[in-house]
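Structure first, commentary second.
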Amino acid sequence: MSERLSNYEKETIINFNKAEDAASIFTYEKTWQKHLEKKLGLKPVMENGFGGKGYEIEKKRIRPPRAPVKLSTEARARLVKRMKDMPQKRVFPPKTTAATVKSDKKNKSRVSKPLTNS
């Protein structure tokens, strides 16, 4: 029998204590799982069969939350001016790869004939 969990039950838990150097992360969130596996190179140490995975990570790699930066009106005005003075659009040269060269050659042979009304 397959039971489905509600979104409320699909939680992410980060757990650590002062005595140990490791932290455990348990999550149902696919984006967190991808980040932990692909970007951080972690392997799940536990899977619960409902889509949740558990990971172990060094506690020092977990950063505490930061307070949002509050700018004064003068600092905000300087930032706005600096952003307005920046070039609006940067133009980057197109990347040429072997596939685009091959595709361009193929498309040149398919030159369409002009349409005429008879």
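Brief remarks follow.
- Within the stretch 14-26, residues that are over 22 Å from G52 (Cα atoms) reach partners that are assigned to a strand (DSSP E or B) and not small (G, A, S) with beta carbons closer than 7 Å, at six or more positions or on different chains, in the pairs D21/E58.
- Close pairs (9 angstrom Cβ cut-off, 6 or more residues apart or separate chains): in contact (Cβ under 8 Å) with a residue 12 or more places away in the chain in the stretch 32-60, surrounded by fewer than 13 Cβ atoms within 10 Å (Cβ to Cβ) and in a helix (DSSP H, G or I) anywhere: L40/R61; G51/K30
- Yes/no for L79 being at pLDDT below 95 and touching a Phe, Trp or Tyr at 6+ places or on another chain (Cβ under 9 Å): no
- Inside the stretch 8-40, residues that are surrounded by 15 or more Cβ atoms within 10 Å (Cβ to Cβ) and in a strand (DSSP E or B) make up a count of 5.
- Hey, L36 among the aliphatic types (A, V, I, L, M) and modelled with pLDDT of 90 or more or not: yes
- Unique residue being under 26 Å from A19 (Cβ atoms), modelled with pLDDT of 90 or more and either among the hydroxyl-bearing types (S, T, Y) or loosely packed, with under 10 Cβ neighbours inside 10 Å (or both) when the list is K53, K43: K43
- Applying the set (1) in a loop (DSSP other than H, G, I, E, B); (2) among the small types (G, A, S); (3) touching a Pro at 6+ places or on another chain (Cβ under 9 Å) to G54 leaves exactly one unmet item: (1).
- Criterion violated by G49 - all others in (1) assigned to a loop (DSSP other than H, G, I, E, B); (2) touching a Ser or Thr at 6+ places or on another chain (Cβ under 8 Å) satisfied: (2)
The values are calculated or read from the model by the stated rules, or taken from the named source; none is laboratory data. Owing to the predicted nature of the structure, the values given are computational and were not obtained by experimental measurement. When we count neighbours, we look across all protein chains shown, and the Cβ atoms used for this are built from the backbone with ideal geometry, even at glycine.
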